[in-house]
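Visitor: Sharing a structure, written as C-alpha cells. Questions coming.
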Amino acid sequence: MIWEALGSVVLGLALSWAAVSRLSDRLPSRSRVLTAGLVGALFGAYLTHMAVGPGHPLATLLGAGAVGAVTLSLLLRPSGPPSRIRGRSAAA
C-alpha cells in the first residue's frame, strides 16, 4: 500500500506539472494546482484501493490518475476575454 501511495503522489504531481506547463493561463496559482492534483490523486488511490481491494496496484494507479485529472479539470477557467451576458430586465 505504501508503493501505491507513493506512486499516486508521483502521478498526481506529474499530472499537475503537465497541466501547469500547458494551461498556465487558464489555471489558478501553481501551488494550488499542485496541491489539488496531489490530493486528488491520493483520494483516487484511496477510493480505488477500497473498491477493488489490495493486490491491484495498476487499477489503483488508474483510479488515482482518473480522479486526479478530474480534480484538475475543475480548476480550469474559460479561455478568452470575459463576455457579458445580456438579458432582458423583468420590467421590459
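Visitor: Does segment 64-82 hold any residues that are touching a residue at least 40 places away in the same chain (Cβ under 8 Å), within 16 Å of Arg22 (Cα to Cα) and more than 8 Å from the chain's Cα centre (by Cα), and which are they?
Guide: Across segment 64-82, the qualifying residues are Leu76, Arg77, Pro78, Ser79.
Visitor: Kindly establish whether Leu47 is among the aliphatic types (A, V, I, L, M) and at pLDDT below 95. Break it down stepwise before answering.
Guide: Numbers: among the aliphatic types (A, V, I, L, M): yes; at pLDDT below 95: no.
In short, no.
The values are calculated or read from the model by the stated rules, or taken from the named source; none is laboratory data. Keep in mind it's a predicted model, so treat the numbers as computed, not measured. Virtual Cβ from ideal backbone geometry, glycine too; neighbours counted across all protein chains shown.
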